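Engineer: To start, I am sharing the structure in question, which I have written as structure tokens.
The values are calculated or read from the model by the stated rules, or taken from the named source; none is laboratory data. Here the structure is a predicted model, which means the values were calculated and not measured. All Cβ positions, even for glycine, are placed from backbone atoms using ideal geometry, and neighbour counts span all protein chains on display. Note: accessible area is taken over every heavy atom of the protein model, side chains too, but ligands, DNA and RNA are not part of it. Shrake-Rupley method; radii C 1.70, N 1.55, O 1.52, S 1.80 Å.
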Protein chains: 2
Amino acid sequence: MTRDTLDAAAIAAHRAGLAAALDAGRAVLADGGSAIDAVTVAVSALEDDPHFNAGRGAVFTYHGTNELDAAVMDGQTRRAGAVAGVTRTRNPVQLARTVMEAGPHVFLSGAGAEDFARDHGIAPVDPAWFATPERLRQLEELKAHPQAWFDADMKYGTVGAVARDAAGHVAAATSTGGLTGKRWGRIGDSPLIGAGTYADDRAGAVSCTGSGEQFIRAGAAHEICARMRLTGDSADRAARAVLGEIGAMGGVGGVIVVTPTGETSMAFTTPGMFRARADSTGAHEVAIFGDG
Amino acid sequence: MTRDTLDAAAIAAHRAGLAAALDAGRAVLADGGSAIDAVTVAVSALEDDPHFNAGRGAVFTYHGTNELDAAVMDGQTRRAGAVAGVTRTRNPVQLARTVMEAGPHVFLSGAGAEDFARDHGIAPVDPAWFATPERLRQLEELKAHPQAWFDADMKYGTVGAVARDAAGHVAAATSTGGLTGKRWGRIGDSPLIGAGTYADDRAGAVSCTGSGEQFIRAGAAHEICARMRLTGDSADRAARAVLGEIGAMGGVGGVIVVTPTGETSMAFTTPGMFRARADSTGAHEVAIFGDG
């Protein structure tokens, strides 16, 4: 993802989608809503926007399906919910939230997760809802150039949100279609509590995107929280330390962090990261590359 | 699991299985083998032993199947492999090891994980291999007494191994059938890198058993390593601190830890934990309850 590979129309569409998701989450918080509600609303908006690799517009698996992963975590209680490999749930982040609220478990997968959805009143959608021509074209391009298998998908990122509410609680949510051409029931870091998603009021809330395997091996989201909690690192220092570890493993990506005091970090080692940030003072930022 | 609920024959069978697995792992290390080979061999032995809830003898799901999860991690490289929901792989820990060695991914699930197994020369077994009459009886008992759903399964624990080799490297492996009567494609902590399994030569190797949901929320295995690495905690102090956090969340369980200097911990908050430990000085211990 560089200025050379993104045309003006794509940039404008992504910026508009980011701003809409940011505003949806901000409205929840401005009304006195909770951080966990804000991240659920913001990520739901990104799932419904076909420009992002989550929900509608998710990348295709090797076998031509869309298989979706998502997670949420509430920093106040450290309760969490996650799903992997769902194919018929319009908003996987809302299913993850229902897993957290209503179920005895943290992490459900595959057809079983969708049985749970149905048992809890979440109606399935036709899998065609998720499919877009551009993502299908990307799968076909990847199959035509298999040597590009891992490089090519780095630009098709996961979505995530972190929030801090007026009561000082934090929450994180992450949702993704994973990697274009993924096989073998691959589960990446996004739905793994501690890898791609973590929230703990004693430290902060973290959502990650990037080369998921290295984020799993580093325990990235939990490690950022552990550094803040155990060493007193700032959010930005902890985020950059973990991205450095991931770099040493051969991985790249980015993280967003917010702490209970409102400190934030949006750090990345990719050329760009679609990102946005707002607070109750009126600050409002939407950016893609290192310089904006 | 108390002295009242385990009869003498069951105790003898579990002790014999533990001793056999311990000796298999110890033999690898005594021959100059690696920690990752030792834990793979030890856990494979426990998977093949029908007395333990992993591989043959795994508990049954709500729908009467055996669905198996496993993970391995090498502390030297922090490479890892994991599988969830496999039903036809005799030794899930060996499949997790193959995922680590041969695949581009860390975590595979379901039928896709078994496609990967076949692609890498691991022959499937008949699912009947895993089924034992005692585990089926336990499922039927649980269905007859659904109010006991969560308490009853605490005694049917996950298996795991940690090892430190002559070169000072550490590794961890964990394998399980999960919870009796599990539903909805539930994935517990065992195959989640950072939750039930973690290894890092800068700290130690950890394998966990217990109420998996709380271990996921605490990022238990990674948290133990983070405490050792970032605060200088001993293995035992870090293990007990994390079990304390899990207790505050309403969970119980146990962990085994070894560090690159050979320090160990086998801590648990359940009445007992089947466990065994040996080293190159000739020390050799097999125990179940707090006093042996």
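Engineer: Please go through segment A:227-265 and pick out each residue that is acidic (Asp, Glu) and in contact with a Lys or Arg (Cβ under 7 Å, 6 or more places away or on another chain).
Structural biologist: Hit for segment A:227-265 is A:Asp233, nothing else.
Engineer: For B:Phe274, all conditions in the list (1) in contact with a His (Cβ under 6 Å, 6 or more places away or on another chain); (2) at positive phi hold save one; what is the number of the exception?
Structural biologist: It fails just one condition, (2).
Engineer: Take the residues of segment A:103-127 that are within 22 Å of the chain's Cα centre (by Cα) and more than 10 Å from chain B (Cβ to nearest Cβ): which is most open to solvent (accessible area, probe 1.4 Å)?
Structural biologist: A:Pro124
Engineer: Just checking, how many residues over segment B:274-292 are farther than 17 Å from B:Ala173 by Cα and open to solvent by less than 50 Å² (accessible area, probe 1.4 Å)?
Structural biologist: Total satisfying the criteria: 6.
Engineer: Here's something else I'd like to know. Any idea which of (1) over 18 Å from A:Ala84 (Cβ atoms); (2) open to solvent by 10 Å² or more (accessible area, probe 1.4 Å); (3) more than 10 Å from every other protein chain (Cβ to nearest Cβ) is the one B:Thr87 doesn't satisfy?
Structural biologist: Exception for B:Thr87: condition (1).
Engineer: Confirm whether B:Asp48 is more than 14 Å from the chain's Cα centre (by Cα) and among the acidic types (Asp, Glu).
Structural biologist: So B:Asp48 does not fit the description; no.
Engineer: Between A:Gly185, A:Gly177, A:Gly194, A:Gly210, which is at positive phi, more than 9 Å from chain B (Cβ to nearest Cβ) and not aliphatic (A, V, I, L, M)?
Structural biologist: Exactly one of A:Gly185, A:Gly177, A:Gly194, A:Gly210 is at positive phi, more than 9 Å from chain B (Cβ to nearest Cβ) and not aliphatic (A, V, I, L, M), namely A:Gly210.
Engineer: I'd like to check something: does segment A:129-140 contain any residue that is modelled with pLDDT of 95 or more, within 14 Å of the chain's Cα centre (by Cα) and of a type in the set (Ser, Thr, Tyr)?
Structural biologist: There is no residue in segment A:129-140 that is modelled with pLDDT of 95 or more, within 14 Å of the chain's Cα centre (by Cα) and of a type in the set (Ser, Thr, Tyr).
Engineer: Tell me, yes or no, whether segment A:159-168 has at least one residue that is within 14 Å of chain B (Cβ to nearest Cβ) and of a type in the set (Lys, Arg).
Structural biologist: No, the conditions are met nowhere in segment A:159-168.
Engineer: Determine which member of the set A:Ala82, A:Ala71, A:Ala58 is over 22 Å from B:Gly196 (Cβ atoms), buried (at least 24 other Cβ atoms within 10 Å of the Cβ) and within 17 Å of the chain's Cα centre (by Cα).
Structural biologist: A:Ala58
Engineer: Please find, among A:Arg79, A:Arg97, the residue that is within 11 Å of chain B (Cβ to nearest Cβ) and in contact (Cβ under 8 Å) with a residue 12 or more places away in the chain.
Structural biologist: Checking each option against the conditions leaves just A:Arg79.
Engineer: Now for a different question. For residues in segment A:234-261 being within 14 Å of chain B (Cβ to nearest Cβ) and surrounded by 20 or more Cβ atoms within 10 Å (Cβ to Cβ), which is farthest from B:Arg78 (Cα to Cα)?
Structural biologist: Among those residues, the one meeting the criterion is A:Ala238.
Engineer: Now, a different point. Suppose the filter is closer than 22 Å to A:Ile246 by Cα and open to solvent by 10 Å² or more (accessible area, probe 1.4 Å); does B:Gln94 pass it?
Structural biologist: So B:Gln94 does not fit the description; no.
Engineer: Going by the structure shown, is A:Leu230 within 11 Å of another protein chain (Cβ to nearest Cβ) and part of a helix (DSSP H, G or I)?
Structural biologist: yes
Engineer: Among the residues of segment B:270-290, which ones are within 27 Å of A:Val106 (Cβ to Cβ) and at pLDDT 95 or above?
Structural biologist: B:Arg275
Engineer: To continue, here is another question. Hey, B:Ala9 hits all of (1) within 26 Å of A:Lys182 (Cβ to Cβ); (2) at pLDDT below 95 but one; which does it fall short on?
Structural biologist: The number of the failed condition is (1).
Engineer: Then there's this: Of the conditions (1) farther than 23 Å from A:Gly75 by Cα; (2) in contact (Cβ under 8 Å) with a residue 40 or more places away in the chain; (3) hydrophobic (A, V, I, L, M, F, W, C), B:Ile187 clears all except one; give me its number.
Structural biologist: (1)
Engineer: Sticking with this structure for a sec: Just one of the numbered conditions (1) in contact (Cβ under 8 Å) with a residue 24 or more places away in the chain; (2) among the hydrophobic types (A, V, I, L, M, F, W, C); (3) closer than 24 Å to A:Gly194 by Cα is not true of A:Phe116; which one?
Structural biologist: Among (1) in contact (Cβ under 8 Å) with a residue 24 or more places away in the chain; (2) among the hydrophobic types (A, V, I, L, M, F, W, C); (3) closer than 24 Å to A:Gly194 by Cα, the lone unmet condition for A:Phe116 is (1).
Engineer: If I ask for residues that are free of Cβ contacts under 8 Å to residues at least 24 places away in the same chain and outside any loop (DSSP other than H, G, I, E, B), which ones from segment B:2-22 would you list?
Structural biologist: B:Ala8, B:Ala9, B:Ala12, B:Ala16
Engineer: Here's something else I'd like to know. Count, please, the residues in segment A:187-210 that happen to be at pLDDT below 95 and either touching a Leu at 6+ places or on another chain (Cβ under 8 Å) or surrounded by fewer than 24 Cβ atoms within 10 Å (Cβ to Cβ) (or both).
Structural biologist: Residues in segment A:187-210 being at pLDDT below 95 and either touching a Leu at 6+ places or on another chain (Cβ under 8 Å) or surrounded by fewer than 24 Cβ atoms within 10 Å (Cβ to Cβ) (or both): 0 in total.
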